[in-house]
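J.: Take a look at this one; I'll ask things after.
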Amino acid sequence: MQRLSQYGIVGARILIAIVFLLNALGVIDQSIPAQDMAQRGVPPALVPLLMVGGRGLELFGGLGLIFGVFPRLAALALFAFLVPATLVAHSFWLAAGTPALMGQLINFSKNLAMRGGLLFVASTGNEPNVKPGTVRSVRRERTNNK
């Protein structure tokens, strides 16, 4: 059962990380969030810098989750990133009475669910690496078998 739990945590980290990696690599278009930031008062010269910073955080945070490199820190950083990103990009309350309301509400809810998953990852102890034969996981198995 413990092995299932370890692989489940690794699987959860990988599944959550995929969304962030797709955003970081530009697979998911970021032009609308950039326009939203400019419309909400972010100085236009600052928008590209924020977009690059966000993509960098998503890339390194996503890779950290997948490979088990500081996964708690990666999860907390991505959690913190999602707070303003959700409020800017999926503010469904601004779309009230328009056809965009349902799409924004669904995406807002999706981001809440992702934050829940990241909070779960950040709060799990003794997180395993992706490769089960690594020093950390072997050391952990020895201490668990005593």
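Here, each number is a calculation from the coordinates, and none is a lab measurement. From a predicted model like this one, the values you see are computed outputs, not experimental measurements. So basically every Cβ, Gly included, is an ideal-geometry build from the backbone, and we count neighbours across all protein chains shown.
J.: Pick out, in residue order, every one of the trypsin sites (Lys or Arg not before Pro) in the stretch 1-105 that is DSSP loop and has at most 16 other C-beta atoms within 10 Å; say none if there are none.
T.: Filter output for the stretch 1-105: Arg40.
J.: Could you give the spread of the C-alpha atoms of the stretch 2-145 along their three principal axes, from largest to smallest, in whole angstroms?
T.: 58, 31, 22
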